[in-house]
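Below is one structure, written out as structure tokens; comments come after it.
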Amino acid sequence: MDFEFIQWLGLLGLPLVIYNYYKGNLGNKYGIEVIDDTLLIKPFIVTRVGKKASATIAMKKVTKLQKSKNAISFFYQSGHAIDIWHRRKGSDEFWFKLVTLFPDAEHIIID
């Protein structure tokens with residue numbers, strides 16, 4: 001059998017991907033920044049280096065927060081929603097930060 005370098009990398013990397021999937025380490029980790037009445041949600045690396053936010057949310061317009069396994073949805077008064085996909089490991093901490101920022105919004109957890 002004549003394997004090329006890329007095929008060997010794939011064989012060696014597959015167990016690492018599977019391990020990280022089951023440990024909950026795959027996916028984005030987000031940071032939160034509040035400026036005036038706007039919530040900026042940034043990927044973790046960008047919070048330390050850059051200023052670009054992946055989502056900008058008007059805090060006064062959010063009426064409902066919904067958490068599923070690794071997605072958090074922000075529902076506006078108009079019915080529109082923004083979904084943030086968070087890694088499973090650490091999603092509870094992220095959820096509790098959002099609950100404290102939005103005490104008047106309806107909080108729903110779906111398992």
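Net charge in the neighbourhood of D36 (other residues with Cβ under 15 Å of its Cβ; Lys, Arg +1, Asp, Glu -1) is 0.
Here the extension length gained between A58 and I18 equals 10.7 nm, from 0.36 nm per residue of separation less the Cα-Cα distance.
Test of understanding: what is the full-extension gain from R88 to D37, defined as 0.36 nm times their sequence separation minus their Cα-Cα distance? Write down the numbers at each step before the final one.
On the way: separation 51, 0.36 × 51 = 18.36 nm, distance 2.76 nm.
Gain on stretching R88 to D37: 15.6 nm.
Bear in mind these aren't lab numbers, they're just calculated from the coordinates by the rules spelled out. Fair warning: this is a prediction, and the values are worked out from it, not measured in the lab. With ideal geometry, Cβ positions are generated from the backbone for all residues, glycine too; neighbour counts draw on all protein chains shown.
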